[in-house]
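Written out below as structure tokens is the structure these notes cover.
The values are calculated or read from the model by the stated rules, or taken from the named source; none is laboratory data. Treat the numbers as computed from the prediction; the structure is a model and nothing was measured. Cβ coordinates were reconstructed from backbone atoms using ideal geometry, including for glycine residues, and neighbour counts include every protein chain displayed. Heads up: the accessible areas ignore ligands, DNA and RNA and are worked out on the full protein's heavy atoms, side chains in. Shrake-Rupley method; radii C 1.70, N 1.55, O 1.52, S 1.80 Å.
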Amino acid sequence: MATHRRRLIGTVFAAALAALASLPAAAQPKSIVVASTTSTEQSGLFGHILPTFTKKTGIQVKVVALGTGQALDVGRRGDADVVFVHDRVAEDKFVADGWGIGRRDVMYNDFVLIGPKADPAKVAGTKDVAAALKRIAEAKAPFVSRGDKSGTHAAELRYFKLAGADPLQGKGSWYRETGSGMGPALNTASSMNAYILADRGTWLAFKNRGELGIVVEGDKRLFNPYGVMLVNPARHPHVKVSEGSAFIEWIVSKEGQDAIASYKVGGEQLFFADAHN
Amino acid sequence: MASRPPSSLLPLVLDDVSFAARGRTILDRVNLTLERGVRTVVLGPNGAGKSVLLRVMHGLISPTSGSVRWSAREAPGAPRRQAMVFQRPVMFRRSVMGNLRFALEVAGVPRAERGGRAEAALDRVGLSGIAHQPARVLSGGEQQRLALARAWMLAPEVLFLDEPTANLDPGSARAIEAIVQAIHDAGTKIVMVTHNLGQARRLADEILFLHGGRLCERSAAADFFHRPATAEAAAYLEGELPWRLTAAA
Amino acid sequence: MVVTLDPKLGEIVLLSLRVSVSSVALAGVFALPLGAAVAVAEFPGKRGVVTTLNALLGLPAVVVGLAIYLLLSRSGPLGAFGILFTPSAMVIAQAVLVFPLLAALTRQVVADAWGESREQLVSLGAGTWTSAFALLVDVRYTLVTIVLAGFGRAIAEVGAVMIVGGNIDGVTRVMTTAIALETSKGDLPLAVGLGIVLLAIVFALNIAATAIKDAAQRHHG
């Protein structure tokens, strides 16, 4: 029985240890964690540009894709080395509060207003995003919001404010907050035939479009700039300063900027490099 | 057993032992002293409290009142110096040898000695040929012999048996009786409950007769079967042995 | 559609298996003996422990994920280990998740076996732990089923591993988080394909384990 017992425990322990040991834990010599947004990850941009960086520097980049608000929070907690997001107001506050340092412009894409082809609020044709949202609010046409404090969510609320409309009045009826990422929110909008503000990158890569299409685009105010910054090592001493800085330097370098500009989906360029070297 | 402590467990003294469960009295102020050497057989009708008496003596259940006193204390955690064989043998899902080895391990027998002791025990009950079979798939008679081997192997001073042959065919029952006799011959005190009066006649030196939870009569076996001292015992013997009436008629 | 994902798919499947096998092993090392001991031991508050174990069966994965996230975060009490967003963090989260399942089911099975053999074990002089381990060995074929149930819960779970693993491509992306990602990209056919692969793996494991268990059980009776 001692044999039995010892064998039983031994087997289980050995299995646990073997399995744990075989995990690719801290095996990579150099790696950084980048907290970024679903738009950059799900559009496929990172998959396109990161191998070039890793090949050149030997630094593995681990991307945790979240909403901008969550990504900044992960940085604030010290769980990432670099933050790569798109909400200028929140980014500036993040830096001002001392959580991030050395913010750099990287690129921009733009938001597009997506809506059903039937266009119940009659917004197609206009280039004015504020006017379009005003009409949607007046028509009480179904509108899906991220509702997750992401950069896209913040932009959407900004545009509603410009339109002089308060979408929260319609909360629960025509205005639906999903509290989810861009993709899930698009899935929701697709199944509800609702309007939704999306970043162009995710929209182009999105496959389950159903009856949805772009109804408003091209408004200068739909400009959506991305910034990158290092988590402040004064706050979190374990931040990998040299590797993180190397990533930031590379992505704003000519090579990084060219990599961004060369990423296309269906022949369409998704992100426009705008680091001011 | 060279390692046995000098002082004997026996005699065992039960002092005013009662046991009640769910408001029902099962043992009612039992007083008795069990000496070594004699084979004690407990008889009585169903519900008389025979099995409970055995379990109280063996320490499986605590009496509601009264005391069970052995002449030597069994230290908690130390190997037990008494054993019990149940009506339905409890075997673990291991081989025959595995079951014996487990009992030896619990008894603190060093690993190196276990194999030899287990084989010797199997040999004594005639199960050597099936040492490596799974214990649970043995026949009822074989399992009970294995249970006896397991108990005997630990060289207990006292062996309690609770109707060990109740579920067995006559041939298997005879084999069990022979083993119990051999265990007695090897110096272990036998305390056995049975319903089989023939078995009681063959094995008993003395009879404890329980009735309604009380120790009704205690006599030498020969006296009990020929001249029961109480009306309850006489009625029990008549009821259990209808052939006696027909033979007398 | 799934075929086109190779060899990345293989990597993801392998990581899923590694993480879930590790977590079940890790949880099992503690949950099985504990469940057995709770079944065998008599102690004050036993009913409370049993009720708690059974209640924890309904532990939401997201809550476990969040709790482990807060523990492992650099700003949390265990932040110094730096294992957030690694497979180890996922193993811990899944282990916490399946622990109550393993412990509660083991307790139930061992309690039944204890009912049958309590007198024999006490008669032999076996203490609580000896009895608990002996009964664990005795019910080992049923434990296979219990461990499989734990494995099923672990490998099918998405909420906790998403939070503590971060769904990092090539590092912490497992089958369920990959399915969630493909769903959010609107690539429903690929998501369904991955789901079928996951299902097939769980099925195959169950069939294999059940076959072994049945054969062994027939042998031992």
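Out of curiosity, is C:PRO44 open to solvent by 40 Å² or more (accessible area, probe 1.4 Å), farther than 30 Å from A:LYS62 by Cβ and not polar (S, T, N, Q)? For C:PRO44, the condition - open to solvent by 40 Å² or more (accessible area, probe 1.4 Å), farther than 30 Å from A:LYS62 by Cβ and not polar (S, T, N, Q) - is met.
Within the stretch C:25-77, being in a loop (DSSP other than H, G, I, E, B) and in contact with an Asp or Glu (Cβ under 7 Å, 6 or more places away or on another chain) holds for C:SER73, C:ARG74. Among the residues of the stretch B:75-132, just one is open to solvent by 60 Å² or more (accessible area, probe 1.4 Å), touching a strand residue (DSSP E or B) at 6+ places or on another chain (Cβ under 8 Å) and within 24 Å of B:THR165 (Cβ to Cβ), namely B:GLN87.
Selection within the stretch A:186-201: residues that are within 13 Å of the chain's Cα centre (by Cα) and of a type in the set (Gly, Ala, Ser). The member of this set that is nearest to C:LEU181 (Cα to Cα) is A:GLY201.
A count restricted to the stretch A:150-177 and to residues that are part of a helix (DSSP H, G or I), open to solvent by 10 Å² or more (accessible area, probe 1.4 Å) and more than 28 Å from A:GLY227 (Cα to Cα) stands at 2. Take the stretch B:10-29 and flag every residue that is aliphatic (A, V, I, L, M), out of contact with any Phe, Trp or Tyr (no Cβ under 9 Å at 6 or more places or on another chain) and surrounded by 21 or more Cβ atoms within 10 Å (Cβ to Cβ). Within the stretch B:10-29, B:LEU14, B:VAL17 meet the criteria. Within the stretch A:190-208, if we keep just the residues that are farther than 20 Å from A:LEU45 by Cα and either surrounded by fewer than 23 Cβ atoms within 10 Å (Cβ to Cβ) or touching a Pro at 6+ places or on another chain (Cβ under 8 Å) (or both), the residue that is nearest to the other protein chains (Cβ to nearest Cβ) turns out to be A:SER190. Looking at (1) farther than 30 Å from A:VAL64 by Cα; (2) in a helix (DSSP H, G or I), which one does C:GLY152 not meet, given that it meets all the others? Among (1) farther than 30 Å from A:VAL64 by Cα; (2) in a helix (DSSP H, G or I), C:GLY152 violates only (1).
Tell me, yes or no, whether the stretch C:125-136 has at least one residue that is modelled with pLDDT under 95, outside any helix (DSSP H, G or I) and buried (at least 24 other Cβ atoms within 10 Å of the Cβ). Yes, the stretch C:125-136 contains at least one residue that is modelled with pLDDT under 95, outside any helix (DSSP H, G or I) and buried (at least 24 other Cβ atoms within 10 Å of the Cβ). Of all the criteria given as (1) within 14 Å of another protein chain (Cβ to nearest Cβ); (2) touching a residue at least 24 places away in the same chain (Cβ under 8 Å); (3) closer than 30 Å to C:GLY125 by Cβ, the one not satisfied by C:ALA39 is (1).
So in the stretch B:54-69, with the set limited to residues that are open to solvent by 50 Å² or more (accessible area, probe 1.4 Å) and out of contact with any Ser or Thr (no Cβ under 9 Å at 6 or more places or on another chain), which one is farthest from B:ASP162 (Cα to Cα)? Among them, the one singled out is B:ARG69. Of the residues making up the stretch B:175-214, just one is of a type in the set (A, V, I, L, M, F, W, C), within 21 Å of B:PRO11 (Cβ to Cβ) and open to solvent by 50 Å² or more (accessible area, probe 1.4 Å), namely B:ALA186.
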